[in-house]
1. Among the residues that make up segment 156-168, is at least one of them among the charged types (D, E, K, R) and either open to solvent by 10 Å² or more (accessible area, probe 1.4 Å) or modelled with pLDDT under 95 (or both)?
2. Residue by residue through segment 172-218, note down the ones that are of a type outside the set (Ser, Thr, Tyr) and not in a helix (DSSP H, G or I).
3. Tally time: how many residues in segment 257-282 are among the β-branched types (Val, Ile, Thr) and free of Cβ contacts under 8 Å to residues at least 24 places away in the same chain?
4. If you check 66, 105, 111, 119, which single one turns out to be in contact with a strand residue (DSSP E or B) (Cβ under 8 Å, 6 or more places away or on another chain) and part of a helix (DSSP H, G or I)?
5. Taking the conditions exactly as written (free of Cβ contacts under 8 Å to residues at least 40 places away in the same chain, in contact with a helix residue (DSSP H, G or I) (Cβ under 6 Å, 6 or more places away or on another chain) and either crowded, with 16+ Cβ neighbours inside 10 Å or under 27 Å from residue 88 (Cα atoms) (or both)), does residue 189 satisfy them or not?
6. Considering only residues that are under 30 Å from residue 223 (Cβ atoms) and not in a helix (DSSP H, G or I), look in segment 1-33 and name the one that is modelled with the highest pLDDT.
Amino acid sequence: MRRGWKMALSGGLRCCRRVLSWVPVLVIVLVVLWSYYAYVFELCLVTVLSPAEKVIYLILYHAIFVFFTWTYWKSIFTLPQQPNQKFHLSYTDKERYENEERPEVQKQMLVDMAKKLPVYTRTGSGAVRFCDRCHLIKPDRCHHCSVCAMCVLKMDHHCPWVNNCIGFSNYKFFLQFLAYSVLYCLYIATTVFSYFIKYWRGELPSVRSKFHVLFLLFVACMFFVSLVILFGYHCWLVSRNKTTLEAFCTPVFTSGPEKNGFNLGFIKNIQQVFGDKKKFWLIPIGSSPGDGHSFPMRSMNESQNPLLANEEPWEDNEDDNQEWPSI
């Protein structure tokens, strides 16, 4: 009876957690819906008097708004990609591993299994990266997310504002969402500013639209500042072919720690996220190369490009045998 009660309580808590995780998304949606009403109706249809100006403002606004909402939708509902079956322990291997009491033997078992897989990164101590929750050998750049309760390929971070884990499957969409968010806020701020000044000086009648226009500029500027900082940081990460986790914790390879282990050069680093075809870079459709289980490495490209060897490696490293919470 007590066990059933505890299970019911645990299930109820998990349900509440799932519901509460959508609160940040709901906040963003409500702000966006209000901004749409304030801009389209209160600014363009009520405040702006010139018909030509109304048309231009509305066309440009809706073009940006479509891509902004499209990328946000893709960031939220593109599920994180998990390692495929060959990285999971078989039933027999799992039983052998769990029944083995000697840590050194367990470690050697994982080493033998990893030899059959394309994995080149290790923990800080040099051991094979193994997830004891998902019972799998982690592919390179894969991490366990404590919020999603699963291993995510090329995990960057867990974002509460999209209620999703950002990784290989949706990192491109997340970057596009940040870019179009910055553009959305900048466009609103620049087009609203002149009417903000007119309301401030009393050149326009103090009606209901005044509040929406004044508050619209304030909200757009506030979000613009925070978003441009976040977008700039992720642009830097892309230029170095790093994830947020790799920026905080140096990847350790079989040869040792190397902060630039996946750095292929500026152009190739961008192509690792957006793909080879530039016509798809601005459109939220999947174009990232590979399957998320293995990635080109710096060490494999040094013979082709000696300039890659000029950068100094980091000396610090941390153990990767941990689960990563939201950032």
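The values are calculated or read from the model by the stated rules, or taken from the named source; none is laboratory data. Predicted model, so just to flag it, every value in this text is computed and none were measured. Every residue, glycine as well, gets a Cβ built from its backbone with ideal geometry; the counts of neighbours run over all protein chains shown. Each accessible area value is taken on the protein alone, full model and side chains, heavy atoms only, with ligands, DNA and RNA left out. Shrake-Rupley method; radii C 1.70, N 1.55, O 1.52, S 1.80 Å.
1. For segment 156-168, residues among the charged types (D, E, K, R) and either open to solvent by 10 Å² or more (accessible area, probe 1.4 Å) or modelled with pLDDT under 95 (or both): absent.
2. The answer is 202, 203, 204, 205, 207.
3. 1
4. Checking each option against the conditions leaves just 111.
5. The answer is yes for residue 189.
6. Within segment 1-33, the subset under 30 Å from residue 223 (Cβ atoms) is 16-33.
Next, from what is left, pick out any that are not in a helix (DSSP H, G or I): 21-22.
Working: 21: 91, 22: 94.
Once the filter is applied, the top-ranked residue is 22.
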